[in-house]
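The values are calculated or read from the model by the stated rules, or taken from the named source; none is laboratory data. As the structure is a prediction and not an experimental result, all values here were calculated from the model. Please note: Cβ atoms are built from the backbone with ideal geometry, for glycine as well, and neighbour counts cover all protein chains shown. For accessibility, only protein heavy atoms count, side chains too; no ligands or nucleic acids. Shrake-Rupley method; radii C 1.70, N 1.55, O 1.52, S 1.80 Å.
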Protein chains: 2
Amino acid sequence: MSGSGVEWIVEAYGCAADALADVARLQRLFDAVIGELGLQAVGQPLWHKFPGPGGVTGLCLLAESHIACHTFPEYGSLCLNVFCCRLRPEWDFAACLRREFAASRVSVRRVMRHYRDDSTAHHTANGELSELRRGDPFPVV
Amino acid sequence: MSGSGVEWIVEAYGCAADALADVARLQRLFDAVIGELGLQAVGQPLWHKFPGPGGVTGLCLLAESHIACHTFPEYGSLCLNVFCCRLRPEWDFAACLRREFAASRVSVRRVMRHYRDDSTAHHTANGELSELRRGDPFPVV
């Protein structure tokens, strides 16, 4: 392993509320991410449907880390994390989320996860807290 | 709910390798996060110990979203995600990780998760990809 992984932090907005409450459809999202990024699920995913108008949470353990999603039918939104401890090429989250959930807008943030402490890199101090806000000027890859 | 949650993305380095392979100790980390941030676990956490020198992955579904951790004993490191769909005050991840895992350095990044699409905020474009790198100049909270 290279000592660095990647995590995609994805938000989809304007989604169809019924799709966001549909565990089978969310499982298809997991299957697409796993299949197309060449990942390997370990065991069965964990799904929880919150009562009433609440959404769905799903967690899936991977040989390469994990996938997590939370849906908010009341806001028409979905939050997804895909953490992969090996670097992977980009995947078109937006296309999948538009197709499966009718998302009108998708935000994808890519966060490097360094599990090897590289003393040649820029370091944050012990316990330093940084904040990433939507709209901050990050370099676009 | 306010329409925004928060996710802490935490890396701990220089940890004791045996502590990183100790599921009971990792469960104590989850318990501390859950207890001290006033969160509520839904069901049992999912733990997986990878064979040989491999680390441990843990996932825990919360009423407020999820916690995930991955340990890398071969690198002396631990990667933690705590996603909470309601805003919470900061918690001293560094102190806990130093105490329980003998971490010599802890990096904490705080990522806003907007599940309400706020059209008054700065928007990223559809499918836009942003990258957060260690050492980028983020505002310190």
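B:Ala41 label points, 7 Å along Cα→Cβ, one per copy: pairwise distances from this copy to the rest in nm, shortest first?
Label point to label point, same position, other copies: 2.3 nm.
Count, for each residue of B:42-49, the Cβ atoms from other chains sitting within 10 Å of its Cβ, then give me the mean as a whole number.
Mean partner-chain Cβ count within 10 Å for B:42-49: 3.
Shielding of A:51-57 by partners, i.e. mean partner chain Cβ atoms within 10 Å per residue?
Going residue by residue through A:51-57 and averaging, the value is 2.
How much length is gained if the chain between B:Arg116 and B:Glu90 is pulled fully straight, taking 0.36 nm per residue apart and subtracting their Cα-Cα distance, in nm to one decimal?
Full-extension gain reported as 7.2 nm.
Within 10 Å of each Cβ of A:102-111, how many other protein chain Cβ atoms are there on average?
Partner-chain Cβ atoms within 10 Å, mean over residues of A:102-111: 6.
Of the peptides A:107-117, B:91-101, how do they stack up when ordered by the mean number of other Cβ atoms within 10 Å, highest first?
A:107-117, B:91-101
Averaging the inverse of every distinct alpha carbon separation and then flipping it gives the Kirkwood radius. What is it for segment B:42-90, in angstrom units?
For segment B:42-90, inverting the mean 1/r across all distinct Cα pairs yields 11.9 Å.
With θ set to phi - 60° and the Karplus curve 6.51 cos²θ - 1.76 cosθ + 1.60, what are the ³J(HN,Hα) couplings of segment A:34-39 in order, to the nearest whole Hz, using x for Gly and Pro?
Per-residue couplings from phi come out as 5, x, 7, 8, x, 9 Hz.
Between segment A:42-104 and segment B:1-48, how many Å separate their Cα centres?
Between the Cα centre of segment A:42-104 and that of segment B:1-48, the gap is 19 Å.
Tabulate in residue order the Karplus-calculated ³J(HN,Hα) for segment A:76-85, using 6.51 cos²θ - 1.76 cosθ + 1.60 with θ = phi - 60°, rounded to whole Hz; enter x for Gly and Pro.
x, 10, 9, 10, 10, 10, 10, 10, 10, 6
Which distances, shortest first and in nm, link A:Gly3 to the matching position in the other copies, using label points set 7 Å out along Cα to C-beta?
Result, one decimal in nm: 4.3.
Chains A and B: buried accessible surface, both sides, probe 1.4 Å, rounded to 100 Å²?
Answer for the A-B pair: about 6400 Å² buried.
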